[in-house]
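The values are calculated or read from the model by the stated rules, or taken from the named source; none is laboratory data. Everything numeric here is computed off the predicted structure, so don't read it as measured data. Here the Cβ positions follow ideal geometry from the backbone for every residue, glycine too, while neighbour counts run over all protein chains shown.
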Amino acid sequence: MATQENLQEAFAGESQANRKYLAFAKKAEEEGYTQIAKLFRAAAEAETIHAHAHLRVMGGIKSTAENLQTAIAGEGEEFKKMYPMFVAEAQNEGNKQAENSFQNALEVEEIHHGLYSKAAEALQSGSDLAATSIYVCPVCGNTVEGDVPQKCPICGVPGAKFFEIT
């Protein structure tokens, strides 16, 4: 049992390191340190390789149908329980930045829940989702299929700033 717990802890740590190093790379780029940014991105990729290996060994990667159900459950938990609690605590503490961050995530996780549910329905009927563009808001993470909105309905950023996922 200890090894399974160690795998879970290692997966979480490697996953967090990946995201942290990508944020560090972005900051290094902004400051003009392109080679340091490249180093952070390389390390982030290595951390992803480690995280995927740990997840695979844990048996955490299953069929697409099972993976969608896992994603639906996770997103549902986040927008129904976790983030509402986090928003309330941030409000009680008067931490407006954290409140906004949590509220943005809450709204986007609900969107992800819907998108994953739609994908699960398509898969259950024996098909993939219809081919369409998918865009993400660089501020709040809002995820949209098809056309980009004029402005993000969650955070208000101009739609022109959304980036396409390929």
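Yes/no matrix, rows are residues, columns are (1) more than 27 Å from Ile111 (Cα to Cα); (2) within 19 Å of the chain's Cα centre (by Cα); (3) in the same structural domain as Ala119 (by TED's automatic domain parsing); (4) touching a residue at least 60 places away in the same chain (Cβ under 8 Å):
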| site | (1), (2), (3), (4) |
| --- | --- |
| Gly13 | no, yes, no, no |
| Gly32 | yes, no, no, no |
| Ile72 | no, yes, yes, no |
| Met82 | no, yes, yes, no |
Could you identify the single residue in Val87, Val108 that is touching a residue at least 12 places away in the same chain (Cβ under 8 Å), over 27 Å from Gly60 (Cβ atoms) and not assigned by TED's automatic domain parsing to the domain that holds Glu145?
Val87
Out of all the residues in segment 145-163, is one or more among the small types (Gly, Ala, Ser), in a loop (DSSP other than H, G, I, E, B) and outside the structural domain of Asn67 (by TED's automatic domain parsing)?
yes
Where the second residue is outside any helix (DSSP H, G or I) and the first is closer than 18 Å to Arg19 by Cβ and lies in segment 48-63, which pairs have Cβ atoms under 9 Å and are six or more apart or on separate chains?
His52/Ile61; His54/Gly60; Leu55/Ile61
Which pairs turn up if I take residues in segment 116-130 that are modelled with pLDDT of 95 or more and look for partners that are assigned to a loop (DSSP other than H, G, I, E, B) and not acidic (Asp, Glu) with beta carbon separation below 6 Å, at least 6 apart in sequence or on another chain?
Ala119/Leu129; Ala122/Leu129
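Matching residues to (1) of a type outside the set (A, V, I, L, M, F, W, C); (2) under 29 Å from Glu5 (Cβ atoms):
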| residue | (1), (2) |
| --- | --- |
| Glu66 | yes, yes |
| Gly126 | yes, no |
| Val136 | no, no |
| Cys140 | no, no |
| Thr166 | yes, no |
Could you check segment 82-103 and list, in sequence order, the residues that are more than 15 Å from Val139 (Cβ to Cβ) and loosely packed, with under 13 Cβ neighbours inside 10 Å?
Met85, Ala88, Asn92, Glu93, Gly94, Lys96
Considering segment 47-81, residues that are basic (Lys, Arg) and loosely packed, with under 13 Cβ neighbours inside 10 Å, and then whichever is nearest to Gln124 (Cα to Cα), we arrive at Lys62
